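All remarks here apply to the structure that follows.
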Amino acid sequence: MEAKSIWDMSPPALPHSGPNTLNDYSGSILSSPRDIHQLTDVVERSLQHEDTMLDPEFFLASVSKGWKPRVVAVYREREAVGIMYTKERVIRGVPTGIVYADGSLSSIVLASPLHQQNALQVGMETLLASPKIRGLRLRMRRSDGELGARPFS
């Protein structure tokens with residue numbers, strides 16, 4: 001059987017509707033390094049590709065013992081338009097369901113300015129909609145454009 005790329009899979013639809021066409025977006029949580037590495041194509045197409053901290057390789061290298069990667073690939077009409085980098089705390093091999101994103105040095109979302117705020121919101125909603133995720137902790141700079149994301153409805 002031929003292995004499928006994440007780009008061959010249909011992303012799940014979010015149960016969200018709103019006035020700003022957020023229902024055109026969907027997210028998919030990736031945890032395996034192999035799937036996360038495949039996001040390099042999105043990084044290369046992004047306007048922020050100069051920021052090496054937003055490269056999947058760099059992110060995976062920064063996930064230390066006691067953490068598991070939880071990356072949300074954000075799609076709009078089946079095209080990958082953003083990546084939200086998070087990691088889940090694991091204690092003695094047991095996932096806690098607590099996901100953390102640290103944007104104190106760089107953004108936690110890689111997306112063009114057109115999709116930045118929606119990618120953040122869809123990323124958060126995707127994580128919180130997962131039955132395995134119990135909470136989300138974000139650390140972000142005030143100056144990030146991501147902070148203009150709409151509140152949850």
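The values are calculated or read from the model by the stated rules, or taken from the named source; none is laboratory data. Because the structure is predicted, anything quoted here is derived from the model rather than measured. Positions of Cβ are generated from backbone atoms using ideal geometry, with glycine treated the same way; all protein chains shown enter the neighbour counts.
From the list Ala149, Ala101, the one residue that fits, being aliphatic (A, V, I, L, M), modelled with pLDDT under 90 and either surrounded by 13 or more Cβ atoms within 10 Å (Cβ to Cβ) or touching a strand residue (DSSP E or B) at 6+ places or on another chain (Cβ under 6 Å) (or both), is Ala149.
The residues of the range 93-120 that are in contact with an Asp or Glu (Cβ under 9 Å, 6 or more places away or on another chain) and either over 20 Å from Ser26 (Cβ atoms) or assigned to a loop (DSSP other than H, G, I, E, B) (or both), listed by number, are Pro95, Thr96, Gly97, Ile98, Tyr100, Gly103, Ser106, Ser107, Ile108. Can you pull out the residues in the range 82-92 that are among the charged types (D, E, K, R) and either in contact with a Pro (Cβ under 9 Å, 6 or more places away or on another chain) or in a strand (DSSP E or B) (or both)? Once the filter is applied, which keeps residues that are among the charged types (D, E, K, R) and either in contact with a Pro (Cβ under 9 Å, 6 or more places away or on another chain) or in a strand (DSSP E or B) (or both), the range 82-92 yields Lys87, Glu88, Arg89.
Quick one: count up the residues across the range 121-139 that are in a helix (DSSP H, G or I), crowded, with 18+ Cβ neighbours inside 10 Å and in contact with a Leu (Cβ under 8 Å, 6 or more places away or on another chain). Don't jump to the end; show me each part of the working.
Here is the first cut: in the range 121-139, the residues in a helix (DSSP H, G or I) are 121-129.
Add one more test, that the residue is crowded, with 18+ Cβ neighbours inside 10 Å, and what stays is 121-127.
Those left that are additionally in contact with a Leu (Cβ under 8 Å, 6 or more places away or on another chain): 121-122, 124-127.
Counting residues in the range 121-139 that are in a helix (DSSP H, G or I), crowded, with 18+ Cβ neighbours inside 10 Å and in contact with a Leu (Cβ under 8 Å, 6 or more places away or on another chain) gives 6.
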